[in-house]
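These notes concern the structure reproduced below.
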Amino acid sequence: MTAPHTSGEPVVRPAPHRWLWYALGGGLPARSRGWVLHDTTTGTWWARHVVRSLVQMAVPIALVMVVLPAPWGLRVAVAGGGVALGLVYSLAYMVEATENRVVKAGYPVGTAGAIREARWEEREERDRRRRREAAAKRAARYRDRAGR
């Protein structure tokens, strides 16, 4: 299975332990190169980025919850603040982080952004075409009712 706008490489999903390594910032084997491009350019690329960020924050947050010598309410507040701050930074550098993953997989800089932009333009063109067709149908219906 290949995704549109890719180099035609197969999309080979990594094993769970390799995905965990990938989520923590590690690289994947060459056979998963097409999947990295798919992961960073699919329609849900931003949600996938958020999930990877939460996985990265899981260990420090778990340590705060277990090791911090404080009441549970304070532990939860500190962990929640950490997650919120981590997500702010993660979202602020989302495009750069996903582009870095694509470069790490061996693609040129800007590949993921160019693919996402091309897909956005295709989607916009489909929406424009759909709106034009709907407007033409409404106009025809109005002409038919008016007896013209």
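Computed from the coordinates by the stated procedures, all read-outs in this text should not be read as laboratory data. These numbers come from a predicted model, not from an experiment. So basically every Cβ, Gly included, is an ideal-geometry build from the backbone, and we count neighbours across all protein chains shown.
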| field | Pair A23, D144: separation of 7 Å Cα→Cβ label points (nm) | value | 5.3
| Residues T44, T98 arranged by fewest to most Cβ contacts within 10 Å | T44, T98
| field | Mean residue ellipticity (222 nm) of the chain, computed from DSSP H runs ≥ 4 via -39,500 (n - 2.57), nearest 500 | value | -24500 deg cm²/dmol
| request: Express in nm, to one decimal, how much length is gained between A70 and A58 on full extension, taking 0.36 nm for each residue of separation and deducting their alpha carbon distance. | output: 2.4 nm
| Could you put H17, H38, H49 in order, starting from the residue whose Cβ has the fewest other Cβ atoms within 10 Å? | H17, H49, H38
| Which whole-percent values make up P(r) of region 16-112 when all C-alpha to C-alpha distances are grouped in 10 Å steps starting at zero? | 16, 42, 26, 13, 4
| said: Calculate the FRET efficiency for K104 and A134 from the Cβ-Cβ distance with a Förster distance of 30 Å, rounded to the nearest 0.05. | reply: 0.10
| note | Between E121 and A15, the two model label points (7 Å from Cα along the beta-carbon direction) sit apart by a distance in nm of 4.1
